[in-house]
Amino acid sequence: MRDFEVLGNKDTRSGFGAGLLELGQKNDQVLALCADLIGSLKMGDFQKAFPERFFQIGIAEANMMGIAAGMTIGGKIPFTGTFANFSTGRVYDQIRQSIAYSNKNVKICASHAGLTLGEDGATHQILEDIGMMKMLPNMTVVVPADYNQTKQATMAIAEHQGPVYLRFGRPVMPIFVPENATFEIGKADVLTEGKDVTIVACGHLVWKSIEAARELEEEGISVELINMHTIKPLDEQTLLKSLAKTGCVVTAEEHMMHGGLGDSVAQVITQNQLVPQEYVAVHDKFGESGTPMELMSKYGIDTPDIVLAAKKAIARKKG
């Protein structure tokens with residue numbers, strides 16, 4: 001198996017902040033709006049560098065979405081920033097009616113997604129947001145894996161015409177994507193090639209899948225690992241090519257089992273190539289307070305869960 005060099009440890013939200021600052025330096029059409037969470041979203045450097053292009057909306061997320069939609073009419077590229085729960089569940093009507101329906105060029109940037117928000121608990125730990133966003137016509141959904149890829153994705157979505165939901169997180173995680181890697185919306189990254197099982201992951205679960213793949217390789221199981229950073233549009237070609245080799249798949253995500261990456265993969269399978277699939281995701285439960293790693297373990301989205309799911313998928317394939 002390929003040896004992944006760990007380039008450091010940092011949270012993905014800092015990758016967003018770094019990407020937004022660099023965007024501001026390159027493109028004067030980029031604006032930033034925040035709902036009273038400048039520090040949490042790492043938007044402070046952009047605010048200091050470009051105060052005339054930064055808008056503090058306060059705790060008024062629905063208003064923020066409406067303002068952002070209006071800004072696009074003059075050709076601006078607004079990036080909104082708040083927690084994932086407030087970026088989707090609190091403002092779904094505004095996103096649907098003011099942004100997605102009219103295909104406005106708004107970039108909805110959502111931090112603290114999933115269980116790894118941690119101690120803030122269930123009311124803030126949204127696990128349905130990928131499903132909510134991917135079901136909207138015109139919406140692109142991107143879930144990068146580490147600091148570098150979040151920075152790359154932040155810059156890439158500015159070049160994309162149309163609404164985008166960019167999802168990232170709070171905890172410090174290993175950096176393994178090269179700093180100079182190319183990020184292409186809708187094009188998955190095949191991290192390792194293998195023949196026994198395909199693991200398709202997004203977000204923080206990509207690193208967990210790397211750890212699982214190492215354990216599986218030590219047991220003689222060959223893993224093809226795909227970083228599916230774009231949930232919509234899904235890279236069906238790369239997925240089907242992999243499944244033709246391995247004949248079974250595990251999907252791994254920090255999201256509810258219903259409506260997320262796993263369901264997108266299942267749709268491709270049922271329409272093209274039936275193979276056994278195992279889900280590593282949260283099974284129809286709300287979260288709770290706890291440390292990020294404790295919660296990942298308790299809710300079944302940690303490295304051992306991916307290892308077990310891979311073995312189950314292979315056993316089902318063999319009949």
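The values are calculated or read from the model by the stated rules, or taken from the named source; none is laboratory data. A quick note: this is a predicted structure, and the numbers were derived from the prediction, not measured. Methodologically, a virtual Cβ is constructed for each residue, glycine included, from the backbone with ideal geometry; neighbour enumeration extends over all protein chains shown.
With SER14, SER40 as the choices, which residue is hydroxyl-bearing (Ser, Thr, Tyr) and either within 14 Å of THR80 (Cα to Cα) or in contact with a His (Cβ under 8 Å, 6 or more places away or on another chain) (or both)?
Of the residues listed, the single one that is hydroxyl-bearing (Ser, Thr, Tyr) and either within 14 Å of THR80 (Cα to Cα) or in contact with a His (Cβ under 8 Å, 6 or more places away or on another chain) (or both) is SER40.
I'd like to check something: does region 226-240 contain any residue that is hydrophobic (A, V, I, L, M, F, W, C), closer than 27 Å to ILE157 by Cβ and surrounded by fewer than 20 Cβ atoms within 10 Å (Cβ to Cβ)?
yes
How many residues are crowded, with 20+ Cβ neighbours inside 10 Å and touching a Leu at 6+ places or on another chain (Cβ under 8 Å) when one looks only at region 282-319?
Of the residues in that region, 10 qualify.
Is it the case that region 97-107 has a residue that's touching a residue at least 40 places away in the same chain (Cβ under 8 Å) and closer than 26 Å to ILE301 by Cα? Talk me through it step by step, then tell me what you get.
Going residue by residue through region 97-107, those that are touching a residue at least 40 places away in the same chain (Cβ under 8 Å) are 99-100, 103-107.
The next check asks that each one be closer than 26 Å to ILE301 by Cα; those that pass are none.
No, because not a single residue in region 97-107 is touching a residue at least 40 places away in the same chain (Cβ under 8 Å) and closer than 26 Å to ILE301 by Cα.
So ASP263 fits all but one of (1) within 18 Å of the chain's Cα centre (by Cα); (2) closer than 20 Å to TRP207 by Cβ; what number is the exception?
(2)
What tally of residues in region 266-303 results from selecting those that are small (Gly, Ala, Ser) and touching a strand residue (DSSP E or B) at 6+ places or on another chain (Cβ under 8 Å)? Can you show your working first?
If we filter region 266-303 for residues that are small (Gly, Ala, Ser), which is where we start, we get 266, 281, 287, 289-290, 297, 300.
Right, trim to touching a strand residue (DSSP E or B) at 6+ places or on another chain (Cβ under 8 Å) and you get 266, 281, 300.
Selection size over region 266-303: 3.
Is it true that some residue in region 118-134 is in contact with a Cys (Cβ under 9 Å, 6 or more places away or on another chain), among the hydrophobic types (A, V, I, L, M, F, W, C) and modelled with pLDDT of 95 or more?
So far as region 118-134 goes, yes, one or more of its residues are in contact with a Cys (Cβ under 9 Å, 6 or more places away or on another chain), among the hydrophobic types (A, V, I, L, M, F, W, C) and modelled with pLDDT of 95 or more.
In region 33-81, how many residues are polar (S, T, N, Q) and either outside the structural domain of TYR147 (by TED's automatic domain parsing) or in contact with a helix residue (DSSP H, G or I) (Cβ under 6 Å, 6 or more places away or on another chain) (or both)?
1
Does LEU33 satisfy being assigned to a helix (DSSP H, G or I), in contact with a Ser or Thr (Cβ under 8 Å, 6 or more places away or on another chain) and buried (at least 23 other Cβ atoms within 10 Å of the Cβ)?
No: the conditions fail for LEU33.
So that you can scan it fast, the table gives a plain yes or no per residue for (1) assigned by TED's automatic domain parsing to the domain that holds ILE199; (2) closer than 21 Å to LYS318 by Cα; (3) in contact (Cβ under 8 Å) with a residue 24 or more places away in the chain:
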| position | (1), (2), (3) |
| --- | --- |
| MET256 | yes, no, yes |
| GLN273 | yes, yes, yes |
| ASP284 | yes, no, yes |
| LYS298 | yes, no, no |
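Collect the residues in region 54-70 that are in contact with a Lys or Arg (Cβ under 9 Å, 6 or more places away or on another chain) and either surrounded by 18 or more Cβ atoms within 10 Å (Cβ to Cβ) or under 15 Å from CYS109 (Cβ atoms) (or both), keeping them in residue-number order.
Correct list: PHE54, GLU61, ALA68, ALA69.
Can you pull out every residue in region 39-69 that is without any contact (Cβ under 8 Å) to a residue 12 or more places away in the chain, part of a helix (DSSP H, G or I) and either in contact with a strand residue (DSSP E or B) (Cβ under 8 Å, 6 or more places away or on another chain) or not polar (S, T, N, Q) (or both)?
Selection gives LYS48, PRO51, GLU52.
Need at least 2 residues that are crowded, with 21+ Cβ neighbours inside 10 Å per element, so show me which strands (runs of 3 or more DSSP E) inside region 104-208 make the cut, counting only ones lying wholly within it.
The qualifying strands (runs of 3 or more DSSP E) are 107-111, 140-142, 164-167, 197-201.
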